[in-house]
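A quick write-up on the structure given underneath.
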Amino acid sequence: MSDQLQIRWAEPRDVTAIVRVVNVAFRAAESFFVEGDRITAEILRPMLEKGNFLLAEDSAGLVGCVYLDLRGERAYFGLLAVDPARQHRGLGRRLIDEAENRARAASCRVMDLRIVSVREELPPFYRRLGYVETGTAPFPEEIKSQLPCHFVLMSKPLV
């Protein structure tokens, strides 16, 4: 990971780069159960009106991102994505830390997330960061999964 790494809020001009890094990261991690792109510009643009993405950039450009939605006393993060060539260097953890810090600064007391049940590596990773499982939710019908799956909901106190 570059020492020059900077984290900033996304702007409308970043939509194409965000779509690219999310899709390349999710394709690498989820191609065993879903086909196609994870997100489109048409899906992403309205998300920027509700929340925003934190972007991690270095001299090569966008290398990772995470969506953050501040919801009063609760915050939600999702679509954590790191370029596969940059994974396993602590960048995802750094983005999560930044999202949690920004949520705390906005007086949020709890951070929520959801992960797909077939991504077996994710619950232990998030448990190590202090998240606990709080329930489940159905996987969207419009996303054609090749395996039965659902969302696992997890939360962490930020205080």
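Computed from the coordinates by the stated procedures, all read-outs in this text should not be read as laboratory data. Since we're looking at a predicted model, the values are computed, not measured. Every residue, glycine among them, receives a Cβ derived from its backbone with ideal geometry; neighbour counts consider all protein chains shown.
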How large is the direction-averaged shadow of the alpha-carbon convex hull of region 1-105, in nm²? 6.9 nm²
Quick check on the chain: helices-only [θ] at 222 nm, where DSSP H runs of length 4 and up contribute -39,500 (n - 2.57) each and the sum goes over total residues. Nearest 500, please. -9500 deg cm²/dmol
About the Cα centre, and with charges only on the beta carbon of Lys, Arg (+1) and Asp, Glu (-1), how big is the dipole of the chain? Nearest 20 debye, please. 360 debye
How big is region 33-159 in terms of Cα radius of gyration and Dmax, in angstroms? 14.7, 40
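Fewest first, what order do 88, 150 take by the number of other Cβ atoms within 10 Å?
88, 150
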For region 73-159, size of Cβ-based charge dipole, Lys and Arg +1, Asp and Glu -1, in debye: 320 debye
